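Engineer: Have a look at the structure that comes next, please.
Just so it is clear, none of the values below were taken in a lab; they were calculated from the coordinates. As the structure is a computational prediction, the values presented were derived from the model and not from experiment. With ideal geometry, Cβ positions are generated from the backbone for all residues, glycine too; neighbour counts draw on all protein chains shown.
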Amino acid sequence: MKYIWKIGYLQAILIVSCLLLGALLAYNGLVVYPSFQKMLTKNTEEQAERVANYLISDVLNTSAGLQVDAGADVKIRTALDHFRLWKLKIFLSSGRCIYSTEAADVGKMNHSPIFETALPDGELLSKVVKKNGKSSEGQTVPLDIVETYIPIFGQGNFLGAFEIYYDITERKDRQDLNLQNSILVSCGISLLFFCVLIFILARAGKSIIERNLAEQKLIDYQQQLVESEKMASLGGLVAGVAHEINTPVGAAVTVASSLDERTRHYQDLMLNDQIKRSDLKKYFETAKTSASVILTSLRQAADLIKSFKQVAIDQSCQETRMFNVRQCIEDVLLSLKPKFRQHDYQVEINCAQDLEIDSNPGAITQICTNLVMNSLSHGFAERDRGKIRLDVQVAGGQLQLHYADDGVGMAPEILKNIFEPFFTTKRGQGGSGLGMHIIYNLVCQSLGGTISCKSSPDQGAVFSINIPLS
């Protein structure tokens, strides 16, 4: 049961099933049983009418009022035994009893208003009443009696009425037993169905929960892999920038070391009073040139460090802020400069110098990094030349980024799976299959935008990205 209550629509099925079971029981009690009772009363009323028609023609004289023929008692009691009546009375139109199978009732008045309303209009009236009777052992037992009033007419005038009592105790008990058995069978079937339904729903609920847990674990695993891929990308960036920084820093160290050596030499000459004006002039020129080279190299290294720092912060931070889009792209390309070494790869950026947006620079940085790395790893594979073009603009409240390369392109079967996680054409060659999936998640989920790709073999690839701006 615990699995059912965790799934909304399984709860609904169970509740509806309970309501249907309750409705079935209520229907049996409120509709079926009263219908059987009414049908039994109707059958008894029809039989009472047949008895009345027999007696009117055989034991009553209606030529001059209403009179009971002599010897009628024997015929009436014979009719009682034949029709299995419990009791019979005959009333005048005034309500006075002129005959009864129980002599004590003769002469008594029936003050019921039906003698003035319903019976004169020819209506038959029946009702089920409880009476006390005697069993074969002489014990008092409760009986179910149908009491029926049947009007008597003579020459078009209302003369009186029969009151016929039918004992339906046995038939009613038999009917109740059949009805109870029917209800028990229907309830048993319903209960069996209910138990089977609970079992099925519990199994289904358990299966759904287990599947959801498995899917969640898969999503968590994919997210971990995505984060690992991002960290690996950041690690590659660190290694590349470190290698790139090594050149200007190495040059600065070499020049500084040479300047230090020259300084010590001229210092010794000065201490020994052997220095000349021309030596000082030469030293100052050397110091000036060395200082310029050192300053240039350190500024280049500082720019690289600054670029790396911003890219690293952006890739690891998911906060939104105002930033310059072109500068963000240029920082990415600068951090990826080592990847372009020894190849004639060109990158063209068409973006306004002052284009600033309020968005997530980390996501934009990661998107541009993965797009460029995808071109270098797949589009320009085994090629020494290639061109990348980035067109960026803001239109209609959206940042529109159009990225294109002139690489090898993709076949249709590759293109349709390009954003699927773990899909790669370089399995076993270092490809994780997460680069484009990360782009898709960043664009569609983190930034709430859209991305599409068009490509064909030897025609390069074109990515169109639209990102809404708040």
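Engineer: Order these by the 10 Å Cβ neighbour count, fewest first: Ile275, Ile145, Ile200. Each step should come with its number before you reach the end.
Structural biologist: Details: Ile275 16, Ile145 20, Ile200 13.
Neighbour counts put them in this order, fewest first: Ile200, Ile275, Ile145.
Engineer: Here's a follow-up. What does the charge count near Ile349 come to, summing +1 for each Lys or Arg and -1 for each Asp or Glu among other residues with Cβ under 10 Å from its Cβ? Walk me through the numbers before you get to the answer.
Structural biologist: Working: positive: Arg326, Arg389; negative: Glu330, Glu348, Asp391.
That works out to -1.
Engineer: Angle, helix 8-27 long axis vs. longest principal axis of the chain, Cα atoms, 0 to 90°, nearest 10?
Structural biologist: Helix 8-27 sits at roughly 0 degrees to that axis.
Engineer: Across the chain, where is the longest run that never hits GluC sites (Glu not before Pro) in a DSSP loop with at most 10 other C-beta atoms within 10 Å? Working shown, then result.
Structural biologist: Working: sites that count: Glu102, Glu137, Glu319, Glu382.
Answer from the scan: 138-318.
Engineer: Then there is this: Kindly state, to the nearest 0.05, the FRET efficiency for Glu49 paired with Ala202, given R0 = 51 Å and r defined as their beta-carbon distance. If you can, show how the numbers build up before the last one.
Structural biologist: On the way: r = 58 Å, r/R0 = 1.14.
The formula returns an efficiency of 0.30 here.
Engineer: When only C-alpha pairs under 8 Å and at least 6 residues apart count, what is the relative contact order of the chain, in percent? Mind dumping the intermediate values first?
Structural biologist: Working: 627 pairs, mean separation 46.3, N = 470.
Result for the chain is 10 percent.
Engineer: Based solely on its DSSP helices, what 222 nm [θ] is calculated for the chain when runs of n ≥ 4 H residues each add -39,500 (n - 2.57) and the sum is averaged over all residues, nearest 500 deg cm²/dmol? Write down the numbers at each step before the final one.
Structural biologist: Details: 10 runs with 242 residues, N = 470.
Taking each H run of at least 4 residues, the total per residue is -18000 deg cm²/dmol.
Engineer: Right, here's the next one. Would you mind telling me the antiparallel percentage of the DSSP bridges in the chain, rounded to 5? Mind showing how you got there, number by number?
Structural biologist: On the way: 59 of 66 bridges.
Here the antiparallel bridges make up roughly 90 percent for the chain.
Engineer: Right, here's the next one. Among residues other than Ile150 whose Cβ falls under 9 Å from its Cβ, what is the net charge (Lys/Arg +1, Asp/Glu -1)?
Structural biologist: Values: positive: none; negative: Glu45, Glu49, Glu163.
Charge balance in the 9 Å sphere: -3.
Engineer: In degrees between 0 and 90, to the nearest 10, how far off the longest principal axis of the chain does helix 33-59 point, with axes built from Cα atoms?
Structural biologist: Tilt relative to the chain: about 20 degrees.
Engineer: Relative to the first principal axis of the alpha-carbon coordinates of the chain, what is the inclination of helix 277-316, with its axis defined by its Cα atoms, in degrees from 0 to 90 and to the nearest 10?
Structural biologist: That helix lies at roughly 10 degrees to the long axis.
Engineer: Next question. Let me check against my output: what whole-number percent is the relative contact order of the range 4-167, with C-alpha pairs under 8 Å and at least 6 apart?
Structural biologist: 21
Engineer: Still on this structure: Quote to one decimal, in nm, the extra length available between Asp173 and His265 on full extension: 0.36 nm per residue of separation minus the C-alpha distance between them. Walk me through the intermediate numbers first.
Structural biologist: Numbers: separation 92, 0.36 × 92 = 33.12 nm, distance 13.25 nm.
Length difference between fully extended and current span is 19.9 nm.
Engineer: Exactly which chymotrypsin sites (Phe, Trp or Tyr not before Pro) in the range 378-470 are in a DSSP loop and have at most 14 other Cβ atoms within 10 Å? Working shown, then result.
Structural biologist: Details: sites: Phe380, Tyr403, Phe419, Phe422, Phe423, Tyr440, Phe463; in loops: Phe380, Phe419, Phe422, Phe423.
Of the chymotrypsin sites (Phe, Trp or Tyr not before Pro), the ones in loops of the range 378-470 whose Cβ has at most 14 other Cβ atoms within 10 Å are Phe422.
Engineer: If R0 is 56 Å, what FRET efficiency do you get for Asp344 and Leu213 from their C-beta distance, rounded to 0.05?
Structural biologist: Between Asp344 and Leu213 the formula returns 0.60.
Engineer: At R0 = 51 Å, how high is the FRET efficiency between Asp81 and Leu30 if r is their beta carbon distance? Nearest 0.05 is fine. Before the final figure, lay out each step's value.
Structural biologist: Numbers: r = 38 Å, r/R0 = 0.75.
That gives a FRET efficiency of 0.85.
Engineer: Moving on to the next point. Counting DSSP beta bridges with both partners in the range 319-468, what percentage is antiparallel, nearest 5? Mind dumping the intermediate values first?
Structural biologist: On the way: 26 of 33 bridges.
Expressed as a percentage, antiparallel bridges in the range 319-468 total about 80.
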